[in-house]
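The values are calculated or read from the model by the stated rules, or taken from the named source; none is laboratory data. Keep in mind the model is a prediction, meaning the values are calculated, not measured. For neighbour counting, all protein chains shown are included, and Cβ atoms are generated from backbone atoms with ideal geometry for every residue, glycine included.
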Amino acid sequence: MNTILKLMPKGACTETADIADRKSGRKMISIEGLAKCYPKRGGAPVTIFEDIWLFIERGEFVCILGHSGCGKTTVLNILAGLSEASEGTVIADDSEISGPSLDRAVIFQGHALLPWMTVLGNVAYAVSARNPRWSRAKVREHAASFIAKVGLSYALDKRPSELSGGMKQRVGIARALSIEPKMLLMDEPFSALDALTRGTLQDEVRKICVETEQTVLMITHDVDEAIYLADRIVLMTNGPNARVAEIVRNTMPRERARNELHHLPGYYDIRNHLMDFLVSRSGSFDVEAATQAGWSAKRPPVVEIGSGV
Amino acid sequence: MKQTSRIQSSLLSCTIVVLVLMVWTAFTTQSGGGVASGADPAYAALMNEDAGGAGIPSPLDVGRALVQQLSDPFYDAGPNDKGIGLQLAYSLARVLLGFALAMIVGVPLGFVIGMSPLLSGALNPIIQILKPVSPLAWMPLALYTIKDSGQSAIFVIFICSIWPMLVNTTFGVANVRSEWLNVGRTLEVPPLKRALTIILPAAAPTIVTGMRISIGIAWLVIVAAEMLVGGTGIGYFIWNEWNNLSIVNIIVAILVIGVIGMILDQMLAGISRLITFQE
Ligand SMILES: Nc1ncnc2c1ncn2[C@@H]1O[C@H](COP(=O)(O)OP(=O)(O)OP(=O)(O)O)[C@@H](O)[C@H]1O
Ligand SMILES: [Mg+2]
């Protein structure tokens, strides 16, 4: 008996409303008509994804969920300014993204620590990039305080090769947080970890992000992780020509604990909905049929499942 | 485990050396005693003061000559009679100078080529053509243009040691993991600082490997170069002792060249251990 409530786009919505929204300062990121093509050897270029529209509000935690190869990393890299879109623009804080910025910190799919530096060195490198004028002692102190936040104070002088996978990812998180970015971009940060470590790290990240009201875009293909962390979950169809099929608004209460999440009413409704999407609908999504039924790339349907509130 | 295997291998290598020395001694002294005493003393003196056999000195003779050479390595008694230490110093100075010049040119150039696909495409064919040329082939050209034998030898060392450094630096810089570069880019580190703090340390092990190959080649080539240009240096020392028919001194020189070469290599191996990182 699950009540599925679809908030279909209102036909009257105009672009001026979008711009007004953006001007009001609630919008952190506005992805507008993004597409990426790669040239294919001896053939027409492949479009990995196209016509992606997505808005992220300040303080929001958004997860992108989709199958391997649908272009999640590519979207994130465009947001990070590391690669260029073939079409469309991304507007961050009222200005178009034209390259990497210290305002948007990236936690990479591999940990991407510099192996010749210690834990402290890796974080301090980021801190001094952000604050070039700080004294050595101040950089060190600031870096150490962020390493303490992820519970690695005892490993300051260790090198990445001496750390476990979970510890490396923690250092990556400390490095990203230490530059105090306006936005955090995370690319499957926990996918290479065992379940136990993943759980504790999810707790830590959620705690830090809630405390600091951090705006986050995170990529995952773990349904439970998305439900635990996200305010909104963006569902992408399979590539090539991937689209945003719909956006699921997470109705779990804001105060939630990972261990009790699956006892909450409505949890399994959301989980089943997401699983159904990944198992069948992500592959069979048909743009034309969906458009006939009222789907639009600019305003993908926002879905609320159950009444968990 | 590791300790015992190291002791075992050094024991074995000592045994091999002792065996070779014994065979060498047996070969050089056995026929020597009888024949040498019956032969014309002047002829024996011409061949070698007190060595027997077919003029091949025994290990004992070599040892004696080695001690004698090393007890006064830096004497200078005219152009054709200098101590082995002095000659080695000339060679080492040339090698180090040529090597340093090659490093100053090769490493930064390799860095730029490695970072720029355009330059890499443009210069690679030229490098591929010049690299396989024997460094000694440059010698006449160097002598003709520089007109100084010592500087020509340095130029030859420069030419032979630049290629491994250039090629390795290019390769190391071009193959820095893109995620490390992305770390620098997302932190908005300016390009020059990025080159020094990310690309250089990441490529350093490959660069030092190139330097290690270079110094080895330079030490090989200097002997041949000095044999050609003459004057000073360990290569000239060997050539001179050959003219003196002093086989024993030539063997001494071979041993000393080997030891110095090993020391040079181990020095760079030490640097390499310092800057190599574990992923
Ligand atoms: N440089 C490139 N040239 C050509 N094709 C590329 C390139 N980079 C990525 N692709 C293609 O783009 C598609 C999306 O890649 P991407 O890494 O964004 O996937 P993803 O959704 O992050 O997958 P995963 O979940 O496995 O990380 C893939 O099909 C990949 O083959
Ligand atoms: Mg990916």
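Taking the numbered list (1) more than 14 Å from chain B (Cβ to nearest Cβ); (2) away from ligand 2 (no atom under 16 Å from the Cβ); (3) surrounded by 16 or more Cβ atoms within 10 Å (Cβ to Cβ); (4) modelled with pLDDT of 90 or more in turn, A:Gly166 passes all entries but (4). Taking (1) crowded, with 22+ Cβ neighbours inside 10 Å; (2) over 16 Å from the mean Cα position of the chain (by Cα); (3) more than 9 Å from ligand 1 (Cβ to nearest atom) in turn, A:Phe49 satisfies each apart from (3). B:Phe237 falls short on exactly one of the conditions (1) without any contact (Cβ under 8 Å) to a residue 40 or more places away in the chain; (2) touching a strand residue (DSSP E or B) at 6+ places or on another chain (Cβ under 8 Å), and that condition is (1).
Limited to the range A:82-92, what total is found for residues that are within 14 Å of chain B (Cβ to nearest Cβ) and part of a strand (DSSP E or B)? Count: 1.
Taking helices (runs of 4 or more DSSP H) that fall entirely within the range B:123-207, which contain at least 2 residues that are β-branched (Val, Ile, Thr)?
Working: elements: B:139-146, B:149-174, B:178-186, B:191-194.
Ranges flagged: B:139-146, B:149-174, B:178-186.
Taking the conditions exactly as written (at pLDDT 95 or above and either within 13 Å of ligand 1 (Cβ to nearest atom) or part of a loop (DSSP other than H, G, I, E, B) (or both)), does A:Leu120 satisfy them or not? It is false that A:Leu120 is at pLDDT 95 or above and either within 13 Å of ligand 1 (Cβ to nearest atom) or part of a loop (DSSP other than H, G, I, E, B) (or both).
Of the residues contained in the range A:93-113, one or more are found to be away from chain B (no Cβ under 14 Å) and assigned to a loop (DSSP other than H, G, I, E, B).
Determine, yes or no, whether B:Thr186 is within 14 Å of chain A (Cβ to nearest Cβ), touching a Lys or Arg at 6+ places or on another chain (Cβ under 8 Å), surrounded by 14 or more Cβ atoms within 10 Å (Cβ to Cβ) and more than 22 Å from B:Pro132 (Cα to Cα). The answer is yes for B:Thr186.
Is it true that B:Val208 is under 30 Å from B:Pro132 (Cα atoms), more than 14 Å from chain A (Cβ to nearest Cβ) and at pLDDT 95 or above? When the stated conditions are applied, B:Val208 does not pass them. The helices (runs of 4 or more DSSP H) falling completely within the range B:1-95 that include 1 or more residues that are modelled with pLDDT of 70 or more and either closer than 19 Å to B:Asn249 by Cβ or not assigned by TED's automatic domain parsing to the domain that holds B:Ile159 (or both) map to B:2-29, B:59-71.
Residues that are modelled with pLDDT under 90 and farther than 15 Å from A:Leu235 by Cα: list the strands (runs of 3 or more DSSP E) wholly contained in the range A:1-81 that include at least 2 such residues. Don't jump to the end; show me each part of the working.
Details: elements: A:4-7, A:27-40, A:43-57, A:61-65.
Passing ranges, in order: A:4-7, A:27-40, A:43-57.
Against the list (1) buried (at least 16 other Cβ atoms within 10 Å of the Cβ); (2) without any contact (Cβ under 8 Å) to a residue 12 or more places away in the chain, the condition A:Ala143 fails is (2). Going residue by residue through the range A:61-80, is there one that turns out to be more than 13 Å from chain B (Cβ to nearest Cβ), away from ligand 1 (no atom under 16 Å from the Cβ) and under 26 Å from A:Asp222 (Cβ atoms)? Checked the range A:61-80: at least one residue is more than 13 Å from chain B (Cβ to nearest Cβ), away from ligand 1 (no atom under 16 Å from the Cβ) and under 26 Å from A:Asp222 (Cβ atoms).
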